[in-house]
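Structure first, then comments.
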Amino acid sequence: MEELFVFADAPGHGDRWTTAISTRDLIAMHPALHDFGDVGDDVGESRELWLEEAVEAGLQRYGCDTFSRLYIDVLGRIDEMVCEALHDSVLAMQAILNRPGAARQLAQREKTLLDQILDDEQGVARYVAGPMLELRYQRPIARLRTLYALRGARLGRGLPFGVDASQILEDAFGGEAFVIDFLGMKEQVARTVDAVSLACRNFARRDLAQLYRAIFSDVMAGLTRKISVNRRFQRFVIGGWVLPEVRRRQTLRRLCTEEATSVDIMPIERGAAESGGNEWGERHAAHEDRSGFHPF
């Protein structure tokens, strides 16, 4: 069985994302890669091996160029919503305590959240299926958790390549992790300000990285699935990253082959060899010492 292609060390060292397609199958399915490999005297398996290595290098370059930006984008969206959830939790606490203007500000925030939830058909269907009737009977914290659960699901649907991201984020934001009932902690501490500090410390100790890993793993599962089965997406990656790398390596191989051929047929005079020393040997050694020039 042919070995499946694996993206490695992107975005973090040691990361491995296994696709469901082999490099050889990817080459076979795309005519744009069929004309490469006729370099030098390579024939048969050696020619196929060179092309496979070049294609794999191009795919790895796509991973290095893309996955870090994808990771930052996904985490940035979640971070923004986490900060808003904490802010709204404090606002809900102030509204319960009848702080001037807090109830009006909270109502405005709830309207904003609802607008964000209802901006697509799935959000509307999910809202009408139950939360629409429940919200009016809920207290501020419970109402916020309901809205943030729906908004978490909306965020998950908008993440690139997400598979189960919608459900993961709905569960996360619908619980106690991000919409915090500060007043519910009053019995544990002497003053409300202490409750806020305690909740924030608890939040800081919470393994938020676990949510990040779960979401990004889900996104990468979707990406590897797409690159395994979606021909259009494969052509996008091949055209942008694979073909340039294949052409670059083919050019270097041809230059090296032509240089070796010109050296083989060049007559070497005895006198020149005796007076000039091992000129070709020195030039060849200098060529070999250029680290990274020869990628094979």
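Residues that are of a type in the set (A, V, I, L, M) and either open to solvent by 60 Å² or more (accessible area, probe 1.4 Å) or at pLDDT below 90 (or both) occur at least once in region 227-243. Taken together, the criteria place A149 among residues that are modelled with pLDDT of 95 or more and surrounded by 15 or more Cβ atoms within 10 Å (Cβ to Cβ). Considering G175, G130, the condition of being in contact (Cβ under 8 Å) with a residue 24 or more places away in the chain and of a type in the set (G, A, S) is satisfied by G175 alone. Has region 2-14 got at least one residue that is within 30 Å of E176 (Cβ to Cβ), surrounded by 19 or more Cβ atoms within 10 Å (Cβ to Cβ) and either at pLDDT 95 or above or within 18 Å of the chain's Cα centre (by Cα) (or both)? No, that holds for no residue. For the residues L91, L106, L51, the requirement of being in a helix (DSSP H, G or I) and within 20 Å of V237 (Cα to Cα) singles out L51.
Every test in (1) closer than 14 Å to L155 by Cβ; (2) open to solvent by 60 Å² or more (accessible area, probe 1.4 Å) is passed by L113 save one, and that test is (2). Quick check on region 58-73. Is at least one of its residues out of contact with any strand residue (DSSP E or B) (no Cβ under 8 Å at 6 or more places or on another chain), of a type in the set (A, V, I, L, M, F, W, C) and closer than 24 Å to I180 by Cα? For region 58-73, residues out of contact with any strand residue (DSSP E or B) (no Cβ under 8 Å at 6 or more places or on another chain), of a type in the set (A, V, I, L, M, F, W, C) and closer than 24 Å to I180 by Cα: absent.
Tell me the residue from R77, R69 that is in contact (Cβ under 8 Å) with a residue 40 or more places away in the chain and either open to solvent by 60 Å² or more (accessible area, probe 1.4 Å) or in a loop (DSSP other than H, G, I, E, B) (or both), please. One residue alone meets the criteria, R77.
Residues that are more than 20 Å from F178 (Cβ to Cβ), open to solvent by 60 Å² or more (accessible area, probe 1.4 Å) and not in a helix (DSSP H, G or I) within region 119-143 comprise D119, A129, listed in sequence order.
The values are calculated or read from the model by the stated rules, or taken from the named source; none is laboratory data. Remember, it's a predicted structure, so these values are computed and weren't measured experimentally. Because the Cβ atoms are built from the backbone with ideal geometry, glycine has one as well, and the counts that use them run over all protein chains shown. Each accessible area value is taken on the protein alone, full model and side chains, heavy atoms only, with ligands, DNA and RNA left out. Shrake-Rupley method; radii C 1.70, N 1.55, O 1.52, S 1.80 Å.
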